[in-house]
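Attaching a single structure in C-alpha cells format; questions to follow.
What follows is calculated from the coordinates using simple rules that are stated; it is not laboratory data. Keep in mind the model is a prediction, meaning the values are calculated, not measured. Methodologically, a virtual Cβ is constructed for each residue, glycine included, from the backbone with ideal geometry; neighbour enumeration extends over all protein chains shown.
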There are 2 protein chains.
Amino acid sequence: MSYQPVRVAAVGLGRWANIMARAYTRSEKIQLVSAFSRSEQKRNAFSERWGCQTEDSLEKLLSRDDIEAVIVTTPNDQHAPVIEAAAAAGKHVYVDKPIAVRMDHAKRIEKAVSDAGVVFALGHSARRLAGMRQAKEMMDSGRLGGVSMIETNFSNERGLEITSDNWRGQRHMAPGGPLTQLAVHNIDCLRYLFGPVKQVFSLLKSMYTKAEQDTVTMTLCEFESGKLAYIGSNWATPGVFFMNVYGTEATLFYQLDFGWWSQSQVVDEHSSLILREFASMTDDPDNRQLQDVSVKLINRDMFKEQFEEFADAIRGVNNGPEVDAATGIHNIAVVLAALRSSQEGRPVTLKEIIEEA
Amino acid sequence: MSYQPVRVAAVGLGRWANIMARAYTRSEKIQLVSAFSRSEQKRNAFSERWGCQTEDSLEKLLSRDDIEAVIVTTPNDQHAPVIEAAAAAGKHVYVDKPIAVRMDHAKRIEKAVSDAGVVFALGHSARRLAGMRQAKEMMDSGRLGGVSMIETNFSNERGLEITSDNWRGQRHMAPGGPLTQLAVHNIDCLRYLFGPVKQVFSLLKSMYTKAEQDTVTMTLCEFESGKLAYIGSNWATPGVFFMNVYGTEATLFYQLDFGWWSQSQVVDEHSSLILREFASMTDDPDNRQLQDVSVKLINRDMFKEQFEEFADAIRGVNNGPEVDAATGIHNIAVVLAALRSSQEGRPVTLKEIIEEA
C-alpha cells in the first residue's frame with residue numbers, strides 16, 4: 001500500500017451492490033464511506049451490513065467533497081443519468097456491466113466521463129477469470145496453433161422466476177434477457193480474445209417464463225479478423241459457464257461451477273481448463289490418439305482485482321482501467337445487434353448499431 | 001439367429017468401406033460375398049483383407065442372383081447412380097451418410113428404392129450411440145424438465161490435410177466441408193431428438209487448408225417446434241464430439257473421445273454423459289448448489305447395430321430401418337440450407353431447399 005485508500009460511495013443498493021461490497025471491502029485500497037438508494041429500507045440494510053453512512057439523495061452524496069468515486073449498481077437504464085451527475089460532480093465512476101442498454105445512453109456515458117476527465121471503469125469481470133487470462137496466454141504463445149473459432153455459454157435459471165414486475169423481466173430494461181444480463185460477459189471475453197465483432201446473427205425466444213422477456217438465445221458472431229464465435233445464453237436451465245477455443249494444434253475447454261460465480265475469491269478453484277491435443281500423430285487418421293490434459297489454474301479474484309485496478313487508476317499508479325467506455329459500447333452493441341437480428345431475421349453489423357445512435 | 005445370413009456386396013472400397021466391413025463381418029446376420037471398386041488395387045486389397053470375391057464392373061456384380069444387398073460407400077456424388085442401378089436390379093441398399101450432396105440426387109434415390117420396393121437403410125449411425133439413446137430417454141421421461149435448446153459439435157483435423165485433388169476437398173462433392181462429412185451426423189441426432197428443422201443460418205469459412213473448401217462452420221437451427229440448436233463443425237482442430245441439452249430441471253453434457261469413433265464396439269466406453277441439476281434450491285439465487293452426476297452408459301455397437309437392423313428389415317423381422325430416405329433428405333437439406341445461408345447472408349428455410357429440387 002503506497003497510497004491513502006480511495007473513498008467511495010455505493011449507488012444502487014440491490015443484490016449485486018452487496019456482492020460488490022463484499023469484494024471491495026476486502027481491499028485496503030478502497031474505503032467505503034457512504035451509500036445511496038431511493039429505497040430507505042435498502043439504505044438501512046446496506047449501511048448496517050457494511051458499516052457505512054447513507055445519504056437520502058444522490059445530490060447530497062455527490063456534493064460531499066470527501067467522496068472521490070462512486071460504485072454504480074443501479075438497474076441498467078439508470079446508468080446514464082447517474083453517471084452524468086457523478087462525472088459532472090468530479091467523481092470517478094465504476095459501473096457494473098453492461099455500460100447501458102441503449103446506444104444513446106452508452107454514448108452519453110462515454111462523453112460525460114471524457115468531458116469531466118474522471119476515471120471510468122466498467123465491470124466486465126469475466127475476462128479476469130484465471131481461465132480467461134490463461135487461455136489468452138496460450139493463444140498468444142502459439143500453443144493452440146491457428147485459432148479459428150470459440151464457443152461460449154453463460155446460462156442460469158433466472159428466467160424461470162422473473163415476472164414482468166422485475167426490471168430483468170422487461171425487454172427495454174434488459175434487452176435479450178440473459179444476453180444482456182449474463183452473456184455480455186462472454187461478449188467482452190470474446191472482445192478480449194478475438195478483437196472487435198463485425199456482424200451478428202441471433203435467434204431469441206421467450207420460453208418457460210411468466211415474463212414477456214426472451215429467455216433462450218443463440219448468437220453467431222463474425223469478427224473483423226474473420227474468426228467466428230457462438231454465444232449461447234439461456235435463462236431456463238441450471239447454471240452453465242463454458243468456453244471452447246478451437247486451434248489447429250489444440251483445443252481448450254474451460255468451465256466453471258456457476259454456484260461459485262459471486263464468490264470471486266474462490267471461483268477459480270471451482271473451474272477447470274482442459275487442453276486437448278494429439279498424443280500420437282500418424283498418417284492413418286484411424287490411428288491417432290487424443291489426450292486431455294488438465295491445466296493448473298492460478299487463483300485470482302476477479303471482483304477485487306477490478307476494484308483495485310480502479311483505485312490504482314485514480315491514484316495514477318496504472319494507465320487506466322483495462323475495460324473502457326469504448327469497449328463497453330462495443331459489447332452492448334453486440335447485444336443490440338443480436339436483438340435486431342432476431343427481430344428482423346437478418347445479420348446485423350455493429351457499424352449499423354453504433355453509428356445510428 | 002432365426003434366418004440365413006443376408007448375402008451382401010460392398011461397392012466403393014475406400015477407407016470407410018473397411019471400417020464398415022469390420023462392423024458387419026462381426027455379425028452373423030450378414031455374409032460378405034463380393035465387392036466392387038473401379039480401382040483394381042482397392043478391389044484386391046479389400047478381397048484379401050475380408051476374404052470375399054470381387055467383380056470388375058458394377059453391372060456384373062448387380063447381375064448376380066446370389067447377392068441380395070449392396071453396402072454403398074462410394075464418394076457422395078456417386079450415391080444416386082449406384083443406388084438407382086442397384087434398386088433396378090432388385091438389390092436392397094445400405095448407403096453411408098449423407099444420402100447425397102444434391103437435393104435432386106437425394107430425391108432420385110428416394111424414388112428409385114421406393115419404385116423397386118427394396119429395403120433402404122441410411123448410415124446415420126450417431127443416433128445409435130449410447131449417449132444419444134439415453135439422452136432421448138431422459139428427455140422423453142421428463143427428467144430434464146422442459147427442453148429449450150441443444151448445442152452440438154463434431155470436429156476433426158481433416159481440413160489441415162486435404163487438397164483439392166481429394167473429393168473431400170471439393171465444394172461440389174462435400175458441400176460445407178465438415179458439415180457434410182461430420183456434422184450431418186449431429187443434424188440427424190437433432191432430427192431424432194427435436195424433430196424437423198424449419199430454418200437455418202450459417203457462417204462457413206475456409207481457414208488453415210490448402211483446399212478450396214470450407215473448414216470452419218457454425219450453424220443455428222430453428223425447429224418446427226420452436227426449439228433451437230447450434231451446430232459447430234470444424235475441420236481444423238483435434239477431434240471433438242459433444243452435445244449439450246438444456247432443460248429447465250437439468251442439463252446434459254455428452255461427449256466422446258473421437259479417437260475411438262471408428263471402433264463402434266468400444267466407442268461408448270470412451271464416452272461420458274453428465275447430468276447437471278440443483279443439489280440444493282433456495283429462494284436466494286446466491287445460495288444454490290449445483291451438482292454434476294455421471295450417468296452410466298450401457299455399451300452398444302452403432303455400426304453393427306445398423307447393419308443388423310438392415311438385415312432384419314430384409315428378412316421382415318422388423319418394420320424397416322429407423323433412418324429412411326425422407327430423413328436423409330431432411331438432413332442433407334439442412335446442410336444445403338446452411339451453404340446457401342452462408343453464401344447469401346440470410347436465414348434459409350428447409351422448404352425452400354426441398355421444394356425447388
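So if I place +1 on the C-beta of Lys and Arg and -1 on the C-beta of Asp and Glu, and nothing else carries charge, what would the dipole magnitude of the protein assembly as shown be about its Cα centre? I want it in debye, nearest 20.
Details: 78 positive and 92 negative charges, 10 e Å.
About 40 debye.
Another question, then. Give me the net charge of A:Leu62's neighbourhood, meaning all other residues with Cβ under 14 Å from the Cβ of A:Leu62; Lys, Arg count +1, Asp, Glu -1.
-3
Related question: What number, in percent, do you get for the relative contact order of the range A:206-338 if the mean sequence gap of Cα pairs under 8 Å and at least 6 apart is divided by its residue count?
This gives 13 percent for the range A:206-338.
Between A:Gln41 and A:Ser63, what's the calculated FRET efficiency when r is the beta-carbon distance and R0 is 30 Å? Round to 0.05.
Working from the Cβ atoms, E equals 0.80.
With each pseudo-label sitting 7 Å past Cα toward Cβ, what's the A:Lys198-B:Ile274 distance in nm, one decimal?
According to this spin-label approximation, the distance is 3.4 nm.
Over chain A, what relative contact order in percent results from Cα pairs under 8 Å that are six or more residues apart?
18
Go through the range B:14-99 and name the trypsin sites (Lys or Arg not before Pro) that are in a DSSP coil and have 13 or fewer other Cβ atoms within 10 Å of their Cβ.
When the trypsin sites (Lys or Arg not before Pro) of the range B:14-99 are filtered for loop state and at most 13 Cβ neighbours within 10 Å, B:Arg38 remain.
Starting from the Cα of A:Ser225, step 7 Å toward the Cβ, then list every residue of the range A:190-205 with an amide N under 13 Å from that point.
Within reach of a label on A:Ser225, which here means backbone N under 13 Å from a point 7 Å along Cα→Cβ, the range A:190-205 contributes A:190-198.
List the lysines whose alpha-carbon lies under 21 Å from that of B:Lys210, not counting same-chain residues fewer than 8 positions away?
Filter leaves A:Lys227.
Okay, next question. Per 10 Å bin, what is the whole-percent P(r) computed from every C-alpha pair distance within the range B:182-253?
Pair shares across the bins are 17, 46, 28, 8, 1.
I need the calculated FRET efficiency for the pair A:Gln289 and A:Asp56, taking r as the beta carbon distance and R₀ as 45 Å, to the nearest 0.05.
On the way: r = 67 Å, r/R0 = 1.49.
In this case the efficiency is close to 0.10.
Within 10 Å, count the other beta carbons around each residue, average over each peptide in B:209-215, B:96-102, and list them highest first. Don't skip to the end; give the middle numbers.
On the way: B:209-215: 21.4, B:96-102: 24.1.
My ranking of the peptides, most packed first, is B:96-102, B:209-215.
Of the candidates A:His185, A:His105, A:His172, which one comes out as most mobile in a Gaussian network treatment of chain A with C-alpha springs shorter than 10 Å?
A:His172
For the range A:47-169, give the magnitude of the charge dipole about the Cα centre (Cβ charges: +1 Lys/Arg, -1 Asp/Glu; no others), in debye to the nearest 20.
With Lys and Arg at +1 and Asp and Glu at -1, about 520 debye.
Next up: Provide a whole-number value for the mean count of partner chain Cβ atoms within 10 Å of the Cβ atoms in peptide B:107-115.
0
Projected onto the charge dipole of the range A:93-166 (+1 at Lys/Arg Cβ, -1 at Asp/Glu Cβ, origin at the Cα centre), which of A:Ile150, A:Val93, A:Met138 gives the Cα projection farthest towards the positive end?
After comparing all options, I get A:Met138.
Need one value for A:190-196: mean number of C-beta atoms belonging to other chains within 10 Å of its residues' C-beta atoms.
Whole-number average of other-chain Cβ neighbours for A:190-196 is 0.
Net charge near B:Tyr208: determine it from the other residues with C-beta under 11 Å of the C-beta of B:Tyr208, scoring Lys and Arg +1 and Asp and Glu -1. Before the final figure, lay out each step's value.
Working: positive: B:Lys205, B:Lys210; negative: A:Glu249, B:Glu157, B:Glu161.
So the surrounding residues net to -1.
Within 10 Å of each Cβ in peptide B:281-288, how many partner chain Cβ atoms are there on average? Round it to a whole number, please.
4
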